[in-house]
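**Q** Take this structure first; my questions come after.
The values are calculated or read from the model by the stated rules, or taken from the named source; none is laboratory data. Bear in mind that the values here come from a model prediction, so they are computed numbers and not experimental data. All Cβ positions, glycine included, derive from the backbone under ideal geometry; neighbour counts span all protein chains shown.
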Amino acid sequence: MNSGTSNTSNRKKEHLELCATNKVSFKTKTNGFENYEFKHYTITEVDLNKISFKYKFFGKKINFPFLISCMTGGTDEANNINAQLASVAENLRIPIGVGSQRQALENKNYLDSFKIIRKNAPGVPVLSNIGAAQVVQFKSIDPIKKIIEMVEADAFVIHTNPLQELLQDEGEIDFKGLLKKIKMIVNNLKIPVVVKEVGAGISYEAAKKLLDVGVKGIDVAGAGGTSWAGIEILRSKKSEDNYFWDWGLPAAFCIKDVYKLKKKYKFTLIGSGGIGTGLDAAKAFALGADIVASARPVLMNLNEGGNEQTEAFVKNIFNEVKQIMFLTGSKSLKELRNKKLIKKKLLT
Ligand SMILES: Cc1cc2nc3c(=O)[nH]c(=O)nc-3n(C[C@H](O)[C@H](O)[C@H](O)COP(=O)(O)O)c2cc1C
């Protein structure tokens, strides 16, 4: 994902290899969606055929509010993965994020593994990406402009990953001045800035500070899906019996918490962290997400069944969301957001 200077490509390779296994989930923590159930509405009059998911994401029209989360770039394997993911994004007309472009600034060898995304996805929003650990080191806006141009990005994403950096042998944990740097970036870019986590979640308090400096998108990337602490623990070959493996705020909690800020701020709320089914996605929308995002579940589908299976995976999610909208009497995602969930403990 980031950090260190000499071995970024190897690290990326190891991340991809580990993410292709089932070892990198949270041990016991879940993303929290299972704590909710939809309120069945028996006199529904919703016409399934009239439900549309079309949405405008950072200025561009998309068919489904589903973002292929920032994943990879900067390894030989990434070329192929990004080429395929970008074709899926273009075919479905959905946005796609690029993996950390740090390496593209250090070394020209893998530039194409990033550029292929815009090449194969010319008509959809593409999100540029770099880590907070790099952001604090930049002395000017120039490297950021360079990576944005590289993929003709529609939005610029900064990933905050203090937990991952903390557990990574080569991690960088000096984030002094981060918020000020983010403010400088917001003020010097023409495109919106999004801040995302990588699986430990963004709280109300953190999101508020980010929105105060002008950030236009928050991707909560909550706990319960991929454990990046787990990945780094496995890479370091240390004992798996580590409290931090399951550290983080569950995705459902983050979406609900950050959504409260919609009363005061205008921003796009991206719900993510272990979203792999239509039921998860529907609950994320019902809790307040404008759009959902998914990383490892998308990669697993790509690994298993290529573009075709990956496209089917996304379409199935939205078929299921449609069915849930029908059964809850919701004509739109806005209506689904209106008191359609019940906390399970209240059902007895
Ligand atoms: C193989 C892989 C590589 C990733 N690399 C990046 C990255 O470079 N930058 C980033 O912001 N997030 C990266 N992530 C994190 C995801 O974007 C996402 O926030 C996180 O995995 C939680 O989502 P999930 O539970 O759907 O996997 C990566 C995820 C995966 C699976």
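**Q** Do we have any residue at all in the stretch 221-235 that's more than 15 Å from the ligand (Cβ to nearest atom), more than 13 Å from the chain's Cα centre (by Cα), farther than 23 Å from Tyr55 by Cα and of a type in the set (Val, Ile, Thr)? Show your work before the answer.
**A** First, the residues of the stretch 221-235 that are more than 15 Å from the ligand (Cβ to nearest atom): 233.
Narrowing the set further to residues that are more than 13 Å from the chain's Cα centre (by Cα) leaves 233.
Now drop any that are not farther than 23 Å from Tyr55 by Cα, which leaves 233.
In the following step, the residues that additionally are of a type in the set (Val, Ile, Thr) were identified as 233.
Looking for residues that are more than 15 Å from the ligand (Cβ to nearest atom), more than 13 Å from the chain's Cα centre (by Cα), farther than 23 Å from Tyr55 by Cα and of a type in the set (Val, Ile, Thr), one finds at least one in the stretch 221-235, hence yes.
**Q** Can you find, within the stretch 184-202, the residue that is surrounded by the most Cβ atoms within 10 Å (Cβ to Cβ) among those that are hydrophobic (A, V, I, L, M, F, W, C) and assigned to a loop (DSSP other than H, G, I, E, B)? It would help to see each step written out before you state the result.
**A** Within the stretch 184-202, the subset hydrophobic (A, V, I, L, M, F, W, C) is 184-186, 189, 191, 193-195, 198, 200, 202.
Okay, now just the ones that are also assigned to a loop (DSSP other than H, G, I, E, B), so 189, 191, 198, 200, 202.
Numbers: Leu189: 18, Ile191: 16, Val198: 29, Ala200: 24, Ile202: 24.
Top of the filtered list is Val198.
**Q** Consider the stretch 255-276. How many of its residues are outside any helix (DSSP H, G or I) and under 15 Å from the mean Cα position of the chain (by Cα)? Lay out the reasoning, then the answer.
**A** Start the filter on the stretch 255-276 by keeping residues that are outside any helix (DSSP H, G or I), which leaves 264-276.
Pick out the ones that are also under 15 Å from the mean Cα position of the chain (by Cα) and you get 268-276.
The qualifying residues number 9.
**Q** Also, I was wondering about something else. Report, by residue number, each residue of the stretch 280-308 that is in a helix (DSSP H, G or I) and either more than 13 Å from the ligand (Cβ to nearest atom) or of a type in the set (Lys, Arg) (or both).
**A** Kept after step one, since they are in a helix (DSSP H, G or I), are these residues of the stretch 280-308: 280-287, 296-308.
Of everything in the stretch 280-308, those that are in a helix (DSSP H, G or I) and either more than 13 Å from the ligand (Cβ to nearest atom) or of a type in the set (Lys, Arg) (or both) turn out to be Ala282, Lys283, Phe285, Ala286, Leu287, Arg296, Glu304, Gly305, Gly306, Asn307, Glu308.
**Q** Further question: Residue pairs, Cβ under 8 Å, 6 or more apart or interchain, first in the stretch 265-276 and of a type in the set (Ser, Thr, Tyr), second assigned to a loop (DSSP other than H, G, I, E, B) and near the ligand (Cβ under 10 Å from one of its atoms). List them.
**A** Correct list of pairs: Ser272/Ser69; Ser272/Val220; Ser272/Ala221; Ser272/Gly222; Ser272/Gly225; Ser272/Ala295.
**Q** Please work out which residue is nearest to the ligand (Cβ to nearest atom), limiting yourself to the stretch 134-159 and to residues that are in contact with a Gly (Cβ under 8 Å, 6 or more places away or on another chain) and closer than 30 Å to Lys238 by Cα.
**A** We begin by selecting, within the stretch 134-159, every residue in contact with a Gly (Cβ under 8 Å, 6 or more places away or on another chain); these are 136, 154-155, 157-159.
From what is left, the residues that are closer than 30 Å to Lys238 by Cα are 136, 158-159.
Working: Val136: 16, Ile158: 8, His159: 3 Å.
This residue is His159.
**Q** Continuing with the same structure: Here are some conditions: (1) of a type outside the set (D, E, K, R); (2) outside any loop (DSSP other than H, G, I, E, B); (3) farther than 24 Å from Met300 by Cβ. Ala229 meets all but one. Which one does it not meet?
**A** For Ala229, the exception is condition (3).
**Q** Surrounded by 18 or more Cβ atoms within 10 Å (Cβ to Cβ), closer than 20 Å to Val88 by Cβ and within 16 Å of the ligand (Cβ to nearest atom): which single residue out of Phe66, Phe26 fits that description?
**A** Working: Phe26 fails: closer than 20 Å to Val88 by Cβ.
On inspection, the qualifying residue turns out to be Phe66.
**Q** Of all the residues that make up the stretch 121-145, how many are surrounded by 19 or more Cβ atoms within 10 Å (Cβ to Cβ) and either assigned to a helix (DSSP H, G or I) or modelled with pLDDT under 95 (or both)? Before the answer, list the steps.
**A** Taking the stretch 121-145 and keeping what is surrounded by 19 or more Cβ atoms within 10 Å (Cβ to Cβ), we get 121, 124-135, 144.
Restricting the remaining residues to those that are either assigned to a helix (DSSP H, G or I) or modelled with pLDDT under 95 (or both) gives 132-135, 144.
Adding up the residues that qualify gives 5.
**Q** Next question. Scanning for something part of a helix (DSSP H, G or I), away from the ligand (no atom under 13 Å from the Cβ), touching a residue at least 40 places away in the same chain (Cβ under 8 Å) and buried (at least 23 other Cβ atoms within 10 Å of the Cβ), does the stretch 169-183 turn up at least one residue? Lay out the reasoning, then the answer.
**A** Residues of the stretch 169-183 part of a helix (DSSP H, G or I): 178-183.
From what's left, away from the ligand (no atom under 13 Å from the Cβ): 178-183.
Those left that are additionally touching a residue at least 40 places away in the same chain (Cβ under 8 Å): 178, 181-182.
Going one step further and asking which of them are buried (at least 23 other Cβ atoms within 10 Å of the Cβ), we end up with none.
So far as the stretch 169-183 goes, no, none of its residues is part of a helix (DSSP H, G or I), away from the ligand (no atom under 13 Å from the Cβ), touching a residue at least 40 places away in the same chain (Cβ under 8 Å) and buried (at least 23 other Cβ atoms within 10 Å of the Cβ).
**Q** Which condition number does Leu127 fail, the rest of (1) of a type outside the set (Asp, Glu); (2) without any contact (Cβ under 8 Å) to a residue 60 or more places away in the chain; (3) closer than 19 Å to Pro192 by Cβ being met?
**A** Status for Leu127: all satisfied but (2).
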